[in-house]
Structure formats: structure tokens, C-alpha cells
2 protein chains.
Amino acid sequence: MDVALFTLLPEEGLAIVLGTRDRDPFAGRPALFGGFLRPGSDGSATDAAHRLLAEKAGLADVFVEQLMTFSGPDRDPRGWSVSIAYYALVPFGRLAEARPGLAVWPVGRMPPLAFDHDRIAAAALARLGGKASYSTLPAFLLPKTFTLPELKAVYEAVLGTALNDSAFRRKVMEMRILEEVPEKRGATAGVRRPAQLWRLAADRLVEFDRTV
Amino acid sequence: MDVALFTLLPEEGLAIVLGTRDRDPFAGRPALFGGFLRPGSDGSATDAAHRLLAEKAGLADVFVEQLMTFSGPDRDPRGWSVSIAYYALVPFGRLAEARPGLAVWPVGRMPPLAFDHDRIAAAALARLGGKASYSTLPAFLLPKTFTLPELKAVYEAVLGTALNDSAFRRKVMEMRILEEVPEKRGATAGVRRPAQLWRLAADRLVEFDRTV
DNA sequence: TCAATAGTGTCTTTAAGACAATATATA
DNA sequence: TATATATTGTCTTAAAGACACTATTGA
């Protein structure tokens, strides 16, 4: 199995978090978080994805979703193989608690990865971009509470396109995917109006019947 | 691996095509087309899905796409297992060339299936319904050439909802996903205006940036 | 010509986008 | 009060839906 982990850099936007291959083939190369399914102890492939993120990235309770399964004779130089690939999203702030030594690369300039991990990462990015417009997916790159300008910014980062501000607010409110947190963001010191804080109304991914 | 095969019944709409388990567990039960990946000879899981459809359903050159991978201790009574699931679409007319003895059930009243195949079939149906609105997916349930009323009907069957006729034509034409076949459908004898025939402009699945 | 479905044109309704105006913090 | 962003309101534009009208075939 392989897990592609993404985060949102404050300046650089969407980025991938990578480990390093510790043995051949591809020893020393940046790589997705990979490992073998343990049919005995893992309750499912999704459980295994969580376990791998805990073991290799030091992160628990991260949003994960199955991407797809890759297979064939060419993806591993040792021969025919299968990998169930997952993608995962973590807010940038939580990387402080991650295992040290991880590499973080803006998705626009990723290094060459081990195995067929470039292809898996590309597929994960395509899925992310596709699913973002009709779901709460990008919100899992933010902390539990966030402002509307932050939410809009993460949608724009994942979609790679600017959104209309008042239309975005209108739609988000009409879809009732958020609930108000009785607090404002004063943290970012500065001379400006503080923004209302919100959280996702549902803990899980929600899909819409329209587009943000 | 397991493949969920769907077709479009002329009267009953979307239907699933099933085989029968020929041994325990679940001997005699209707089931998806299942079998084992052959890492040596199969070039990929997608190749294996095609092989299984050929072997078990007698159908070659059918549209297939990976659904997702199911895993866990409970899906097979013999113990922990993994299955890479695919879905496939075949025009009703091609079932004539299929292996005899297959069962065809409207998706609204499917019998209980072997293993966790009910769950896989449900996931395939959900994917079909979700992806239909922004892709040419439903067209793979029709023969190579079809009329616009037929295309609209198959979208309606898969989406489970009625579509606006003139808007449907407008959008399909604006998206340029079809090319005209220099023929009309006179086949269906009767007192009515014959319809223009069309075919998909691209042989593969095309995704839109809007909805039909 | 009639019946029955195919296909077009146009008006109405609804959603999205642009953008000005107002609100609210702190220095 | 001035500054900088947050938030709201409203006008414009574009897309979707409703539906009447025209087209084309064989009986």
C-alpha cells in the first residue's frame, strides 16, 4: 500500500509530504508512505493506511480516502506488484507533531519519486482537484476551525483557480455545510476586521449537488 | 477481483448481469464475475477484468473501469481477503453473444448476492449515478450509434431523474462530444419522424466541466 | 391528411459573477 | 480617525427550464 499525504503551505499552497526510502530499490529517494497490508491485524485497507501514516509519518487521526489500486510488472523493479493507494490530507500546523525528517514539496515542483509514486501522486492530485469543487474535501487541509477567507483560499489552492467571493459565501451558506463557532479570529495581529470562525457541520466528507 | 456488469433493458432500465457461483462458499448463488489476478500473464488489474469478463461472461471489448478495492476479514467466510472491484457496461444487444445462463436483474430488485457482492454492486451503482452527470459514461450502455432521444433516455435511467429535453440537446451539442452519422434511424417501424444517428466523438470516457 | 415522435425557438426563471457599499477590529 | 480586511447588498450576465411551435415520416 502507498499513501500520498498532502498539506497546505501558508505561502506556497498545496504541497506533498514525503518520506525517504530506507532500503533498495530506490534507497534514499523521496517516496510516498508505503508498506504492506497486515491481513491479520489490519481491519481493512483503510485501517492499514492509518497505521502506515502513524508508523511512517508519526500522524494519527488524519483524513484518508482510497484513491485506486495500481498494478503491473513495471511499477517495482523486483517484478509484478499491486498497491492499494490512498491519499491523505493534514493541516499544516499538525506537521509540528509529525516525525522529523519528512520532506515537504509544493506540488508544482515535486522531485522524482521512488517506484511509480510520481504517477500515484499525479492521480491523487487529479482526484483532489476533481472532487474539491463538489465536496468539503479541501476543508480537511485546514484546522478544525477556520474563517471563510481561509476556506475560500484553500478551495482556490486545490482547484488552481480564483473563485468569486460573494458567490462563494452565498453557496457555502446555502449548502449549510458549516456551523458558526462563537469566536472571531483576532490571532493574526493587525489593523483589520477580524473574521468569524466556522467549523464543518459534519465530521466526514460531504458531497454537494452543485459546485463551489 | 470482481466485476459488476451493467446493461440497459429496453423496458426496465438499468440492470445488472450476474453469473452463478459454481462452488462453495455460496455455491449456486448469483454473483459478480470474480476470479484471481494472474500476476504473470495479466498485464494489469484492468487486463484481468477484461479476461474475467471474457472467461465468465463470454464478452470481449467491454467498457470497464476500476471501482475500488474492498478488503477485510468479513467479506469471505474463509477469512481475510482483498478484492479489486471493477464495473463494466455493455449494450443490451450484445448480450446475445454472451455466455448462456447469465441472469439479468433490474437494479431495483437484485437478489442477494454471494460474498459482499451486494455492497460492491451498490458502490458501483453509486459511482455510475455520480459520474453520469458529468461524463459520457451512460453512452457505453448504448450501441456505437444512437439517437439523441436514446441518449437522453439512458442518462435518465442512470441518473434516476428526468432531464429537460431542449436543454439536454443544447448542452450535448455545445460540448461537442458527438459526431453525426450520415444516417437516420428508420429501423423502428412506425408512423413517426426518424431520428438522426450519432456516435461518440471519442472512443474513451470523456468528462465534462458541467452537467447534462 | 393524421398520428406520433424528432427537433427548434423563445420566453421565464434561477444561479453565478461583478463590484460598490458597509462593518469592525487596532494603531 | 485611518487602515485593512471582512461581510453584505444589488445590479448584470449567463445558464437552465418550460413549453409552444415546426419538421418529417408512413399509413
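The values are calculated or read from the model by the stated rules, or taken from the named source; none is laboratory data. What you see is a predicted model, and the numbers here were worked out from it, not measured in a lab. When we count neighbours, we look across all protein chains shown, and the Cβ atoms used for this are built from the backbone with ideal geometry, even at glycine.
When residues in the range B:109-156 are screened for being over 29 Å from A:THR211 (Cβ atoms) and among the polar types (S, T, N, Q), 2 of them pass. Filtered by the rule that a residue be farther than 16 Å from A:LEU5 by Cβ and not in a helix (DSSP H, G or I), the range A:30-51 gives A:PHE36, A:LEU37, A:ARG38, A:PRO39, A:GLY40, A:SER41, A:ASP42, A:GLY43, A:SER44.
Restricting attention to the range B:168-206 and to residues that are over 25 Å from the mean Cα position of the chain (by Cα) and within 10 Å of DNA strand C (Cβ to nearest atom), the residue that is farthest from the other protein chains (Cβ to nearest Cβ) turns out to be B:VAL191. Counting only strands (runs of 3 or more DSSP E) that sit wholly inside the range B:99-212, those with at least 2 residues that are in contact with a Pro (Cβ under 6 Å, 6 or more places away or on another chain) and at pLDDT below 95 are B:178-185. Looking for something surrounded by fewer than 19 Cβ atoms within 10 Å (Cβ to Cβ), among the aliphatic types (A, V, I, L, M) and under 22 Å from B:ASP61 (Cα atoms) - is there at least one such residue anywhere in the range B:10-19? No, the range B:10-19 contains no residue that is surrounded by fewer than 19 Cβ atoms within 10 Å (Cβ to Cβ), among the aliphatic types (A, V, I, L, M) and under 22 Å from B:ASP61 (Cα atoms).
Checking each residue in the range A:32-54 for being in contact (Cβ under 8 Å) with a residue 40 or more places away in the chain, more than 14 Å from chain B (Cβ to nearest Cβ) and surrounded by fewer than 22 Cβ atoms within 10 Å (Cβ to Cβ) picks out only A:GLY34. Out of A:ALA54, A:ALA60, A:ALA15, one residue alone is at pLDDT 95 or above, assigned to a loop (DSSP other than H, G, I, E, B), out of contact with any Asp or Glu (no Cβ under 6 Å at 6 or more places or on another chain) and more than 19 Å from B:MET68 (Cβ to Cβ). It is A:ALA60.
Taking the range B:71-90 as the range and being facing chain A (nearest Cβ under 9 Å) and closer than 20 Å to B:ILE16 by Cα as the test, only B:ILE84 passes.
Taken together, the criteria place A:ASP2 among residues that are touching a strand residue (DSSP E or B) at 6+ places or on another chain (Cβ under 6 Å) and acidic (Asp, Glu). Take the conditions (1) more than 9 Å from DNA strand D (Cβ to nearest atom); (2) surrounded by 11 or more Cβ atoms within 10 Å (Cβ to Cβ); (3) away from chain B (no Cβ under 14 Å); A:GLY160 misses just one of them, which is (3).
Within the range B:56-70, residues that are away from chain A (no Cβ under 14 Å) sit with their Cβ atoms under 7 Å from residues that are of a type in the set (Phe, Trp, Tyr), at 6+ positions apart or across chains, in these pairs: B:LYS56/B:PHE33; B:ALA57/B:PHE33; B:PHE63/B:PHE140. Here B:GLY190 does not fit the description of being assigned by TED's automatic domain parsing to the domain that holds B:SER81 and either in contact (Cβ under 8 Å) with a residue 24 or more places away in the chain or within 12 Å of DNA strand D (Cβ to nearest atom) (or both).
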